[in-house]
Amino acid sequence: MIVSAEWLKEYVSLDLAVEQWADKLTMSGCNLESIEPAGKDFAVDLEITSNRADCLGHIGIARELSVLLDEPLSRPGAIVEPIADLTDSVTSVELQCPDMCPQYMARVVRGVKVAPSPEWLITRLQTVFPGYKPINNIVDITNYVMMECGQPLHAFDFDKLRGQRIVVRKAKTGEKLAAINHVEYTLTPEMCVIADAERPVAIAGVMGGAETEITEGTVNVLVETANFTPLAVRNAARSLKLHSPSSYRFERQIDIQQLDWASRRCCELIQQLAGGELLDEPIVEGDVPDWNPASITLRFARIEEVLGIQIPADECVRILTRLGLPVMGKATRESASFRPPSWRRDLTREIDLIEEIARIHGYDKIPADRPIPVVSGSRSTAERVRQRIEEVLLAAGFNEALTFSFVTEELAKTFVRDASLPDLVLTQTAGEFGNRARTTIIPSLLVARRENERQGNLNAELFEVARVFLGTDPSKPETQPLRVALITGRSFFEVKGILEAVLRVINPALAIAAQPSSISQFAPGRGADLLLNGKLWGILGEVDRNAPFVRDLKLREPATIAEFDLQPLIDQAILVAEAQPLPENPAVTRDLNLVLDEAVTWAALESTVRGSAGPHLEQVRFVDQYRGKHIPAGKKSYVFSMSLRAADRTLTSEEIDTVQATVLKACETGHGAALRG
């Protein structure tokens, strides 16, 4: 934001050198970028943060200086003298998309004389817009008022509006508009346009059209002052790659309480510099609500707790009232309540008021070595669970990745657990990453692994903890769950072992079960849905590199992926270990080799073993599987190990044989298993 030093003097007395008051602005939060001579003036370039849209005009900067220098602020009265004819007798405004344009105001000035702007107006605009080429007095006035108060305006040649009316609506598919920069743009229904009875004449909040611009032949002018929503303007500007000083201000939200003032100010200057008659009673579509926000209570003792210094209560009240925050009710020694002004919608909390006091009082007055009371905090269960998972994965040789939250349309179709979920699509593409909000992290890690391969880093083992997007309602936590995903070149069973290690550090009692997965991107027979306490928890499997969409990645090395939800682990975490006495009696291990039908899964067999082995069973561990020679067709063999132990004695051979026989009988009955000879 470039301001003119001479222009500022219209609103606040500046007896200091430009470097001195610019330094005060820097110390209060408007960082100085540069000071450049501009004839008899100075162009002061200030960095304005995105929350301070009120400082995108000279009056806003002057308001800051009036507080810093303790000088009164003077604002033009914007006094107009309309004739008896009413605006709605010559035109009308139809507001069809209040979600994109909540308020629209139109005034008409008849009989203007378009001519070059006076020298003082041109000089000021060229100071704040380096290289500015003056157009005519009407257009220059709209730019002047925008730079004066931060409210963008637009002037139409009223006689070129077909039907002499304004329609604020969404663009129609394929509509085109030749803008005042002499470039033709193709519009989409996601854009808000200002139209007349037949065609678009401006892109709302971004740029006007060439067909209705002010020229030397213009006699009657319609002055537009509106409130276009930040998102609508930003989307249109990005889509068209068309950014302007107007769009910059609308994107940061304008002060709707000054719509009428800005409109009157523009008409006041038009009448002064171009003559004409102003019609009475502007047309206003969309209610401009009264400004009545909730008051914010400031506890004066809290100031010292936060800043480390004492600031008298009277001084705090003086600073805030000078900034435009009136005291609500009666202030006491302990506290006072303030109402933020309409141009400071960013002030919503007590800490915001403390920051305002600190920056006006002076950050340089806060000693760097002043002790501030600090209370140590403790990490939440969610943070501790996440840390333990990361420690296990890092110890297992993985590196943490951070990938983009959007994927291409093709990759969005891979490794999907629930195909009924709607696609969340950005209207604008996110470049090479795509424009689909991901429902799984796996495609992003596949792309990361491919890029590592292209750089010569084979078998990149990566994990990521991130949110996925499963619905359109962000207020529901279940639509944006945290998940952990990993990718490696290791085998299915190695990765399953890593996941079991994760469970052990969270809650040793947790166990996962696997069942065949229907995800087509897994190699046949190499993909599983993971169940935790009987509920779907995640997926695990070896990637089929020839599967649709995955094939296009051209992965060189095998890849195994896993993904699981974090919340179930947080809900069931036992992070404080309980001491258990060391076993005093030895464990006895028996290995069994069973021949079963091909359809029998290890999960089903393990469940049968655990259910039949009795109270002395300590562990069941999968050892191996075999298909081939000496095994009938349609059959396979599972080798597993049972560990048995009694707490009070050493188990006898007879007891162990009994357990083994019971297990074999249960497996024979439940699965048709036979002991392999």
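Quick one: order 154, 243, 671, 630 by neighbouring beta-carbon count within 10 Å, fewest to most. Kindly include the intermediate steps, with their values, before the conclusion.
Working: 154 26, 243 15, 671 18, 630 9.
Arranged by neighbour count, lowest to highest, 154, 243, 671, 630 become 630, 243, 671, 154.
For segment 25-41 and segment 145-221, compute the distance between their C-alpha centroids and round to whole Å.
Centre-to-centre distance over Cα atoms comes out at 34 Å.
Got the relative contact order for the chain handy, in percent, Cα pairs under 8 Å and 6 or more residues apart? Before the final figure, lay out each step's value.
Values: 1258 pairs, mean separation 62.5, N = 677.
Relative contact order here is 9 percent.
Given a cut-off of 19 Å, name the pairs among 9/40; 24/365; 496/554 whose C-alpha atoms lie farther apart than that in the structure shown. Mind dumping the intermediate values first?
Numbers: 9/40 13 Å; 24/365 13 Å; 496/554 25 Å.
The pairs that break the limit, which is 19 Å between Cα atoms, are 496/554.
Provide Rg and Dmax in Å for segment 305-453, with only Cα atoms included in the calculation.
Spelled out, the Cα radius of gyration and Dmax of segment 305-453 are 25.4, 69 Å.
Treat the count of other C-beta atoms within 10 Å as a stand-in for reagent exposure and order 47, 542 from fewest to most. Show your work: numbers first, answer last.
Numbers: 47 12, 542 20.
Ranking 47, 542 by Cβ neighbours within 10 Å, fewest first, gives 47, 542.
For a footprinting-style exposure proxy, rank 519, 141, 35 by other Cβ within 10 Å, fewest first. Display every interim value, and only then the final one.
Values: 519 20, 141 27, 35 14.
The fewest-first ordering by Cβ neighbours comes to 35, 519, 141.
First measure r as the distance between the Cβ atoms of residue 555 and residue 652, then evaluate 1/(1 + (r/R0)^6) with R0 = 60 Å and state the FRET efficiency to the nearest 0.05.
Values: r = 55 Å, r/R0 = 0.91.
The value I calculate is 0.65.
Within segment 549-613, list the trypsin sites (Lys or Arg not before Pro) lying in a DSSP loop whose Cβ has at most 13 other Cβ atoms in a 10 Å radius.
Numbers: sites: 551, 554, 556, 590, 610; in loops: 554, 556.
Sparse-neighbourhood loop trypsin sites (Lys or Arg not before Pro): 554, 556.
With a point put 7 Å past each Cα toward its Cβ, work out how far residue 379 is from residue 346 in nm, to one decimal.
Between residue 379 and residue 346, the simple spin-label model gives 3.3 nm.
Strictly greater than 13 Å: what percent of every Cα pair in segment 336-391 meets that? Mind dumping the intermediate values first?
Working: 1170 of 1540 pairs.
The proportion of pairs with Cα distances above 13 Å equals 76 percent.
Starting from the 7 Å offset along Cα-to-Cβ, what nm value, one decimal, do you get for the label separation of residue 587 and residue 520?
Output for this residue pair reads 4.4 nm.
Can you give the log10 of the normalised intensity I(q)/I(0) at q = 0.17 Å⁻¹, computed with Debye over equal Cα scatterers of segment 95-162?
-0.75
Normalised radius of gyration for segment 1-106, please: alpha carbon Rg relative to 2.2 N^0.38 Å, two decimal places.
Working: Rg = 18.7 Å, N = 106, 2.2 N^0.38 = 12.9 Å.
Segment 1-106 yields a ratio of 1.44.
Could you give me the radius of gyration and the Dmax of segment 296-365, taking only the C-alpha atoms into account and expressing both in angstrom?
Just the Cα atoms of segment 296-365 yield Rg and Dmax of 11.0, 32 Å.
Cα centroid distance between segment 279-333 and segment 550-605, in Å?
Here the answer is 59 Å between Cα centres.
What three numbers, in Å, describe the spread of the alpha carbons of segment 132-197 along their principal axes, ordered from the longest?
36, 24, 23
Lysines within cross-link reach of residue 476: Cα-Cα under 25 Å, excluding same-chain residues under 8 positions apart?
By straight Cα distance, residue 476 reaches 413, 535.
If you split all Cα-Cα distances of segment 1-53 into 5 Å bins from zero, what percentages do you get per bin, shortest first?
Binned Cα distances yield the sequence 4, 20, 30, 29, 13, 3, 0.
Sort segment 521-677 into rounded, prolate or oblate with this rule: let a ≥ b ≥ c be the square roots of the eigenvalues of the Cα gyration tensor; rounded if a/c is under 1.5, and if a/c is not under 1.5, prolate when a/b is larger than b/c, oblate otherwise. Write down the numbers at each step before the final one.
Details: a/c = 2.61, a/b = 1.34, b/c = 1.94.
Since a/c reaches 1.5 but b/c is at least a/b, the shape of segment 521-677 is classed as oblate.
Suppose we take every Cα in segment 254-293 and form the convex hull; what volume per residue is that in Å³?
Details: hull volume 3.4 nm³, N = 40.
Hull volume over Cα atoms, normalised by residue count, gives 85 Å³.
Could you list the trypsin sites (Lys or Arg not before Pro) in segment 192-271 that lie in coil according to DSSP, counting only those with at most 11 other Cβ atoms within 10 Å of their Cβ? Each step should come with its number before you reach the end.
Numbers: sites: 234, 238, 241, 249, 252, 264, 265; in loops: 241, 252.
Within segment 192-271, the qualifying trypsin sites (Lys or Arg not before Pro) (loop, at most 11 other Cβ atoms within 10 Å) are 241.
In sequence order, what are the phi-derived ³J(HN,Hα) couplings for segment 578-592 according to the Karplus relation 6.51 cos²θ - 1.76 cosθ + 1.60 with θ = phi - 60°, rounded to whole Hz, with x for glycine and proline?
Taking θ as phi minus 60°, the curve returns 9, 5, 10, x, 5, x, 9, 10, x, 8, 10, 10, 10, 9, 10 Hz for segment 578-592.
Say a paramagnetic label sat at a point 7 Å from the Cα of residue 365, along Cα to Cβ; which residues of segment 307-328 have their backbone N under 19 Å from it?
307-325
Amide H of residue 38: which non-local residues (sequence gap of 5 or more, or other chain) have their own amide H closer than 5 Å, using H built in the peptide plane?
Sorted by chain and number, the residues that satisfy this are 43.
Please report, to two decimal places, log10 I(q)/I(0) for segment 588-675 at q = 0.16 Å⁻¹ as given by the Debye formula with identical point scatterers on the Cα atoms and no solvent.
-0.60
For residue 676, what residues show an amide H to amide H distance below 5 Å, using hydrogens built from the backbone and excluding near sequence neighbours?
593, 594, 595
Pick out, in residue order, every one of the trypsin sites (Lys or Arg not before Pro) in segment 281-372 that is DSSP loop and has at most 16 other C-beta atoms within 10 Å; say none if there are none. Walk me through the numbers before you get to the answer.
On the way: sites: 299, 302, 318, 322, 330, 333, 344, 345, 349, 359, 365; in loops: 330, 333, 344, 345, 349.
The qualifying sites are 330, 333, 345, 349.
For segment 381-571, list log₁₀ I(q)/I(0) at each q in 0.08, 0.11, 0.12, 0.15 Å⁻¹, using the Debye formula over Cα point scatterers of equal strength and ignoring solvent, two decimals each.
Values returned for q = 0.08, 0.11, 0.12, 0.15 Å⁻¹ are -0.24, -0.46, -0.55, -0.89.
Once the Cα atoms of the chain are picked out, what are the Rg and Dmax in Å?
Rg then Dmax for the chain, in Å: 35.8, 114.
Return the long-range amide H neighbours of residue 543 (sequence gap of 5 or more, or a different chain), with a cut-off of under 5 Å between placed amide H atoms.
Hits under the 5 Å cutoff: 523, 559, 560, 561.
Please work out the FRET efficiency for the pair residue 309 and residue 16, using the Cβ-Cβ distance as r and a Förster radius of 22 Å; give the result to the nearest 0.05.
Working: r = 25 Å, r/R0 = 1.15.
Rounded to the nearest 0.05, the efficiency is 0.30.
Applying the Karplus parametrisation 6.51 cos²θ - 1.76 cosθ + 1.60 with θ = phi - 60° to the phi angles of segment 205-216, what ³J(HN,Hα) value in whole Hz is obtained for each residue in order, glycine and proline being reported as x?
Going residue by residue, I get x, 10, 6, x, x, 6, 6, 10, 6, 6, 10, 4 Hz, with x marking Gly and Pro.
Identify all lysines with a Cα-Cα distance to residue 176 below 19 Å; exclude those on the same chain that are fewer than 8 residues away in sequence.
Cα-Cα hits under 19 Å: 160, 241.
No lab work stands behind these numbers, since they all come straight from the coordinates. Because the structure is a prediction, the values reported are computed rather than measured. Cβ sites come from the backbone with ideal geometry, for glycine too, and all protein chains shown count toward neighbours.
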